[in-house]
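Here is the structure we will look at.
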Amino acid sequence: MLALVAAHLVVAGLLPLVSARSTRAAFGVAAVLPAATLLWALANAGPALAGGLDETTAWSPALGLELSFRLDALGLAMIVLVSGIGAVILAYCIGYFGSASPAATRSAALLLAFAGAMLGLVLADDLLTLYVFWELTSIASFLLVGQGGEKREERRAAVQALLVTVFGGLTMLLGFVLLGEAAGTYRISEILADPPRGGLVTAALPLILLGAFTKSAQLPFHPWLPAAMVAPTPVSAYLHAASMVKAGVYLVARLSPAFADLAVWTVPVLVAGVGTMLVGGWRALSATDLKRLLAFGTVSQLGFLMVLFGAGGRVAAMAGIAMLLAHGMFKATLFLTVGAVDHATGTRDVRELSGVGRAMPGLAVAGALAAASMAGLPPLIGFVGKEAAFEAFLHGTVENWAVAGGLLLGSVLTVAYSARFLWGAFARKPGRDATPVHGLGPALTVPIWLCAAAGPVLGIATPIVDAEAASYAAALPGDPGYHLALWHGFGLPLLFSAIAVACGLALHVARARLTALADRSPLDAQRAYEKAIAGIGRVAVGITGRLQVGSSPAYLATILVTFVLLPGVATVLAGAWPTSVPLYHDVIQVPLAIVVVIAALAVTRARRRFTAVLLVGVIGYGVGGLFIVDGAPDLALAQFLVETLSLVAFVFVLRRLPAHFTETRPSRRIRVPKALLGAVAGFAVAVFALVLSAARTEPATTSAELARLAPEAGATNVISAILVDFRALDTVGEIGVLFVAAAGVASLVLATRHDRRRRGAPVESGQSTPRHEEDVLG
């Protein structure tokens, strides 16, 4: 499994070499690995459904770090979506992107890298490994949505998606740490086998759910998903319909068998799921862009899936697996259909499209099959899943009936926006001429039909889906005799399905009045996001404006006062004064100290900048001399190098500065407080050094003993262990900072070159809406 994930990432890194010669060949090469992964998963379906297939690779055995992967029923279902639909969409890209398309070059590699990250996410059997791949999908989504970054809408959507999902990811990481510490392990399979309980778990689960909600666009984090529809249609079909947005649903499905009996897990999932299903469905009724219509429909369906997987019952979980597969198939078909319609007509606005179904009947039939599965019509897999969903909640407690009522209302909206999609894309509008259409090649239509055919095929092959769903739901409480099927006889689930279809079609008939209503909402989550970002910006500007006053004396005074008040006071209160303090250990220390003191006093009298720099250098070299006397030549060498480099840097800087600090000598009222503060800070440093020198409680020989107790450090004393291990970790952080800085500098250089190539053409600035930028700038 690790090899498959790594292969995706390695090939993605090499794909730009292929794209440079042929973008279509790059998409063809990229489709091979996901297809091979799907075949591998299907070949291992037996052991996966029988209990799971494990693989562990040791990373650092001494530290207990390892990479753990697991293929089971849930992972198999996700691979069908991630790799199966991924391969089809990459093949679709061959016909979608033109040979000269600037988006094609980067998209092939990024889509394959994203496929590898999603594969790692669904196979990970370790919370931290899952988190790493989780964030990799967010980064890939940011790059794919943002594309070249030349359009304001792309930048705005990419940043919004990244901020929302990464914010959720960080809270989820905190939840993972709490959960792992409570369980004593980070292995997911071990946590599921022996779920922990207690206060840490109660604190961890809401944090984990927050991450799942942001990733799967649950209320109120859902606006990033419709905004991300600025991405090319294949990207939307893959990331924002079939795979990435299901990561949150997958996480809930993965952990529900362990925590679905806890109200802190179930109640938020059910409330957010039902609310998201209704809000998404309602907003889809007013969308005029076919992609935004499908995006709001996806939001609604994700809420539906959250409810099914978060409820914690066997039947609901089986319905969840069926709907998970169904949604991936029909939503991918519909997105690809929109891409084909856009390709053939040049628009995807329902107000401009007319008569497309008559001009492209094959495409209309494929779209109708997918829409029917989304609406829950037999004999499609969507109907199977919806029947099981109603069956899961149409009995028992009042809460169950309330959830069933919410699902029914959400299903009514689903039927209504499914009908709106077919009407908007293919119907002949009264009073509007037929939209001009040009033909589509097989590269676009064949992938659509592959996904569309999956609906009826899986509907007829329900026993196969039932076997997979039953394997996943085996650990959950519920009726063990229930099975997924196309026909369960006459009963309440069938009645609910009939009501949903009839009422949904009635809503569509009344679309003229509904469209205006659906566009009005007293609560606007997108506006709330923009206000939150604008508020953070204003707070940052306010704080920066007050703290960054541009005065070096003010900055230095702040540092000195902080030092005196915090470590200085703590030293006086908790420190122990040494019993004996010799004035010096070696006579050579005396002249060195005198030189340092004289230079320090002289600095306070210096009026020329260059004189002050030279005197500071004398202090530094004097301190270096003290290091030599005390037997620390390495520290002395570092001190001499730093002093020399600083002096050279100062000389270059001073060439462009006035020779004197000020034109006139500062008044006594300014000089006296500065001198007092400097004296107090210097005295505090001296006290600090003396107290710390008396802080040793054990003889120095214990250093070697401590190092012996930690053989993995490979050191002979504590100092070298600290230098090697902790400094190494610190250096890793410094390398990260330098890498980010280098990336920023490279971006600025490339942006400058890009602007020059535009030869004066106007460049849009900012990455948000004009209203948002107005809020930020004031």
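The values are calculated or read from the model by the stated rules, or taken from the named source; none is laboratory data. For clarity, every value in this text was computed on a predicted model and none was experimentally measured. So basically every Cβ, Gly included, is an ideal-geometry build from the backbone, and we count neighbours across all protein chains shown. Surface accessibility is based on the protein's heavy atoms, side chains included, excluding ligands, DNA and RNA. Shrake-Rupley method; radii C 1.70, N 1.55, O 1.52, S 1.80 Å.
What dipole magnitude, in Debye to the nearest 20, does the range 3-112 give about its Cα centre under +1 on Lys/Arg Cβ and -1 on Asp/Glu Cβ? It would help to have the intermediate numbers written out before the result.
Values: 4 positive and 4 negative charges, 107 e Å.
My answer is approximately 520 debye.
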In order through the range 539-555: 3J(HN,Hα) via Karplus (6.51 cos²θ - 1.76 cosθ + 1.60), integer Hz, x for Gly, Pro: 4, 5, 5, x, 5, 5, x, 8, 8, 8, 8, x, 10, 4, x, 5, 4
Per-residue [θ]222 nm for the chain (sum of -39500 (n - 2.57) over DSSP H runs n ≥ 4, rounded to 500): -23500 deg cm²/dmol
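Please say if the range 21-120 is rounded, prolate or oblate, where rounded means a/c under 1.5 for a ≥ b ≥ c the square roots of the C-alpha gyration tensor eigenvalues, and otherwise the choice is prolate for a/b larger than b/c and oblate otherwise? Write down the numbers at each step before the final one.
Details: a/c = 3.57, a/b = 1.76, b/c = 2.03.
Oblate, since a/c reaches 1.5 and b/c is not below a/b.
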Angle between the chain longest axis and helix 442-460 axis [Cα atoms, degrees, rounded to 10]: 70
Helix 589-605 vs. the chain, principal-axis angle (Cα, 0 to 90°, nearest 10): 70
The range 339-461: C-alpha gyration tensor shape, a/c 1.5 cut-off, then a/b vs b/c: oblate
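At 1.4 Å probe size, put D586, D630 in order of accessible surface, largest to smallest. Working shown, then result.
Working: D586 65, D630 100 Å².
So the residues, ranked largest to smallest area, are D630, D586.
Quick one: putting +1 on the C-beta of Lys and Arg, -1 on the C-beta of Asp and Glu, what dipole do you get for the chain around its Cα centre, in Debye to the nearest 20?
Numbers: 53 positive and 44 negative charges, 711 e Å.
Dipole magnitude for the chain comes out near 3420 debye.
Given a 1.4 Å probe and heavy atoms of the protein chains only, how would you sort S83, S667, largest accessible area at the top?
Order by accessible area, largest first: S667, S83.
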Contour excess over end-to-end distance, with Cα ends at T347 and A263 and 0.36 nm allotted per residue: 25.5 nm
Area of T716 that stays accessible when all protein chains are in place (1.4 Å probe, Å², to 10): 110
Share of carbon and sulfur in the accessible heavy-atom surface of the chain [1.4 Å probe, %]: 70
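Heavy-atom accessible area per residue, the chain, 1.4 Å probe: how many Å²?
Details: 36830 Å² over 778 residues.
Accessible area per residue: 47 Å².
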Heavy atoms of V267 accessible to a 1.4 Å probe, total area in Å² rounded to 10: 80
Label-reachable residues, the range 339-362, where backbone N falls under 20 Å from a point 7 Å from A512's Cα toward its Cβ: 350-355
Per-pair calculated FRET efficiency, R0 = 22 Å: A679 and V549 via Cβ, rounded to 0.05: 0.35
T56 accessible area, 1.4 Å probe, all protein chains in place, Å² to nearest 10: 70
Spin-label model distance (nm) - R197 vs V32, 7 Å beyond Cα toward Cβ: 5.4
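Using a/c under 1.5 as the rounded threshold, could you call the range 293-367 rounded, prolate or oblate? The axes a ≥ b ≥ c are square roots of the C-alpha gyration tensor eigenvalues, and prolate needs a/b larger than b/c, oblate otherwise.
On the way: a/c = 4.06, a/b = 2.57, b/c = 1.58.
Taking the square roots of the gyration eigenvalues as a ≥ b ≥ c, the range 293-367 is prolate.
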Added length on full extension, which subtracts the Cα-Cα distance from 0.36 nm per residue, T664 to A50: 212.4 nm
Cα long-axis angle, helix 127-146 against the chain (0 to 90 degrees, to the nearest 10): 80
Note, ³J(HN,Hα) from phi for the range 563-574, Karplus 6.51, -1.76, 1.60, rounded to Hz, x at Gly and Pro: 5, 5, 6, 8, x, x, 5, 4, 5, 5, 6, 10
Under Karplus coefficients 6.51, -1.76 and 1.60, residue-wise ³J(HN,Hα) of the range 196-210 in Hz, glycine/proline x: x, 9, x, x, 4, 5, 4, 7, 6, 4, x, 5, 5, 5, 4
Sequence of K429, K674 when ordered by accessible area, the most exposed leading, probe 1.4 angstrom: K674, K429
For the chain, alpha-carbon Rg over 2.2 N^0.38 Å: 1.18
